[in-house]
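The values are calculated or read from the model by the stated rules, or taken from the named source; none is laboratory data. Predicted, not measured: the structure shown is a model, and the values here were computed from it. Counting neighbours? That spans all protein chains shown, and the Cβs are built from the backbone with ideal geometry, glycine included.
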Amino acid sequence: MKRRQQQYQSQSKKTKKGLKKLKDKEPNLNEHESHDKIKYEVSNIEKVGRVIPDDENDENDDVFEEVKIEEEENISQIPTDIQDNCNSSRFLQRPFEEAALKQPLKIIEKNEKYQIQSNYKINEILTKKNDRPSSIPISFWKEFKDFLKVNELTMNELMIKEFNGLRNYSDTFIIKHMNDEEFVLHRLLTTLHIACHIREIRLLRMKHTFEHKEEQIRDMGLVKPTVLVLFPFKTPAIIFIKTLLTIFGNQFQQNIVNEERFAQEFRDVPLEIKTMKPKEFYQIFEGNEDDCFRVGIKFGMNGVHFYSNFYESDLIIASPLGIKTFIAKSNNGEGQDILSSIKIMYLESIDTMEMQNMSHLIEIIKKCNKIPMKQHATDIRRVYEHEINEKGSYYRQTIIYSRYQTPLLNSVIRLCLNNHIIQISERTIKGTLSQMIRTIPITFYKYKTTTPMNSPDERFDYFTKIFLQGYSDGIKSKTLLYIPSYFDYLRVKQYLNTENFRCICLCEYSSTKAISSARSRFYHEDEWEFFVITERFHFFNRFRIKGIQHILFYEIPTPTHYVAEFINMISGSVNDASVHILYNHMDTSLLRSLVGDERAAYLMTTEQNKHTFV
């Protein structure tokens, strides 16, 4: 997987730390020799990959900061709208019997573009009149309305329904392509909801502390962080943080601890524009595409603290890899304790995370809401009963945005235990094949499979023993062979080489030189039978491959629009072009996305194992 390397910053500070460590190991080196060695080691690190921040960077680094944030000191400083029956309290104080009772999803609205499903009656917090809901502070609402006005955005009925689902603390799954305006609105509404939650939770705890009631109110988690927001890259995280501070108001934008450090580590990186790549590529990779980061954020009465200790933070913003490495560096994995009291988890662009390493994300979700390995600064008398009983997963709201539905996304959704759900998904009436520019016959091959576990072996057997025998008899050269899984790619590559097929193979780990040479040879030389690539190779590069005459999809691509994208690469001068797709009965959602509902139903129910669409 090729990533642009992050430039090494704060060279002097890092070098001084390195000098101290080096002197301990090699005391005989003079300062000049030590400097040269440190610089040489840093350059070697940069050649291999990005420099991962040290553990110490996860702690406070504001010794010389003049900015200080204040906390409320008495009950008079707590806003009067903070009451015990606020939205977050009603969600977190439910009896477990109610929280664990989940009803099946039902379609509550459907049109040509999308459908909305829910399993409960959604309380209309925001109406079509667009008046301020009582659960949103006046200052937040003013900033929200100003944001809409400045960016010329208009709330539509779908966005109102989404926001009502968010403020009802239901698991909210948005599975559809959005245009730029829709996506900005989605992110704004999610940010507004998270801002309201952080404010309510923080001020309600302080209110109860100031009141000194004899009867202890359970209003705390086993650890302080209640919100986890995960992004695949830094740039969307930057936009989210800026939007969050905008909603909190000018004072929070001007009074920031560690603002300079944040600006350095989250700086923007221009993306080289190449017109041959699709627009979608630049939307995903624009700006800073560093995929290993984490930052704790703590709010006060008049400002915000970046890079606060995670156990003192209200909010953690990170990438899956950033959380994974933090836990791995901790003693015996006790770093997972920061996830013990998460009440809102927002996963933006989970389809992009799937192209990175979905196992990191799934592991993080499974570690959420577990009893901490050690006790942190918590008044156990005020801890929610559901956390003490390790039932916190039932009291966690998970918000997911994905451009399309995949089997791995369905696996993640099954880990979400909130009993209230709202799901907004794109209708698949036409399918992504409608994006084809030219008409080429597409043949679907249905093979039998018994279980998801056996599927890779059964697909490989079908491909090598049945499909490839007939395909080779037709002497089809210049075939692009697309294989989603890297492990399947290695297996098929070995088989093709063993059987003496003339093939070129590229994956996400191929060097720039190897890629350039392979593309040139495939285009100029007629001897090649297969050009084999992985899904991640295409996702991270989006090259236009010249010389393709036939296309073979070992599996249906997860982003199904890749099928039309590759078909459109076939030159108009190729008269006998063909496309071949393997599938099984577990590919229903991908088939619907690819060919539309009607054709997908036919392909799933037909007794024929081979069918061609023209």
Go through segment 140-155 and give me each residue that's within 22 Å of Ile422 (Cβ to Cβ) and surrounded by fewer than 13 Cβ atoms within 10 Å (Cβ to Cβ). Thr154
Tell me, please, whether a residue that is within 30 Å of Glu565 (Cβ to Cβ) and either crowded, with 19+ Cβ neighbours inside 10 Å or at pLDDT 95 or above (or both) can be found in segment 260-275. no
Of the listed residues (Ile327, Ile323, Ile297), the one being among the β-branched types (Val, Ile, Thr), touching a residue at least 24 places away in the same chain (Cβ under 8 Å) and in contact with a Gly (Cβ under 8 Å, 6 or more places away or on another chain) is Ile327
Could you pull out the residue among Ala601, Ala577, Ala518 that is surrounded by 18 or more Cβ atoms within 10 Å (Cβ to Cβ) and free of Cβ contacts under 8 Å to residues at least 24 places away in the same chain? Ala518
When you scan segment 487-503, do you find a residue that is out of contact with any Asp or Glu (no Cβ under 8 Å at 6 or more places or on another chain), in a loop (DSSP other than H, G, I, E, B) and in the same structural domain as Gln549 (by TED's automatic domain parsing), even just one? yes
Where Ile247 falls short, out of the listed (1) buried (at least 22 other Cβ atoms within 10 Å of the Cβ); (2) part of a helix (DSSP H, G or I); (3) within 20 Å of the chain's Cα centre (by Cα): (3)
It is to be established whether one or more residues within segment 112-132 are aromatic (Phe, Trp, Tyr), assigned to a helix (DSSP H, G or I) and at negative phi. no
Taking Thr209 as the residue in question, decide whether it is buried (at least 20 other Cβ atoms within 10 Å of the Cβ) and polar (S, T, N, Q). no
Among the candidates Ile297, Ile338, Ile323, Ile327, single out the residue that is within 21 Å of the chain's Cα centre (by Cα) and assigned to a strand (DSSP E or B). Ile297
Would you confirm, using the coordinates I've provided, whether Tyr495 is surrounded by 19 or more Cβ atoms within 10 Å (Cβ to Cβ) and hydroxyl-bearing (Ser, Thr, Tyr)? no
Restrict the check to segment 200-221 and report whether at least one residue is assigned by TED's automatic domain parsing to the domain that holds Ser118 and part of a strand (DSSP E or B). yes
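The rows are residues; the columns are (1) β-branched (Val, Ile, Thr); (2) within 22 Å of Tyr404 (Cβ to Cβ).
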site: Glu109; (1), (2): no, yes
site: Ser139; (1), (2): no, no
site: Val150; (1), (2): yes, no
site: Leu166; (1), (2): no, yes
site: Thr172; (1), (2): yes, yes
site: Lys176; (1), (2): no, yes
site: His193; (1), (2): no, no
site: Leu203; (1), (2): no, no
site: Met220; (1), (2): no, no
Does Lys234 satisfy being among the charged types (D, E, K, R), buried (at least 20 other Cβ atoms within 10 Å of the Cβ) and in the same structural domain as Arg382 (by TED's automatic domain parsing)? yes
Looking only at segment 188-202, decide whether some residue is in contact with a Gly (Cβ under 7 Å, 6 or more places away or on another chain) and hydrophobic (A, V, I, L, M, F, W, C). no
Going through (1) touching a helix residue (DSSP H, G or I) at 6+ places or on another chain (Cβ under 6 Å); (2) part of a loop (DSSP other than H, G, I, E, B) one by one, Pro559 fails only at (1)
Could you check, for segment 141-161, whether at least one of its residues is in contact with a Pro (Cβ under 9 Å, 6 or more places away or on another chain), farther than 15 Å from Thr243 by Cα, in contact (Cβ under 8 Å) with a residue 40 or more places away in the chain and assigned to a helix (DSSP H, G or I)? no
Criterion (more than 26 Å from Arg592 (Cβ to Cβ) and either basic (Lys, Arg) or under 16 Å from the mean Cα position of the chain (by Cα) (or both)) met by exactly one of Ile364, Ile371: Ile364
Qualifying residues in segment 117-142 (those that are out of contact with any Ser or Thr (no Cβ under 7 Å at 6 or more places or on another chain) and among the β-branched types (Val, Ile, Thr)) - the one farthest from Lys102 (Cα to Cα): Ile138
Loosely packed, with under 12 Cβ neighbours inside 10 Å and modelled with pLDDT of 90 or more, is that true of Asn119? no
If you check every pair at least six apart or on different chains, which have Cβ atoms under 7 Å apart with a residue in segment 115-128 that is of a type in the set (Phe, Trp, Tyr) first and a residue that is surrounded by fewer than 16 Cβ atoms within 10 Å (Cβ to Cβ) and modelled with pLDDT of 90 or more second? Tyr120/Gln103
Could you list, in sequence order, the residues of segment 563-574 that are crowded, with 21+ Cβ neighbours inside 10 Å and in contact with a helix residue (DSSP H, G or I) (Cβ under 8 Å, 6 or more places away or on another chain)? Val563
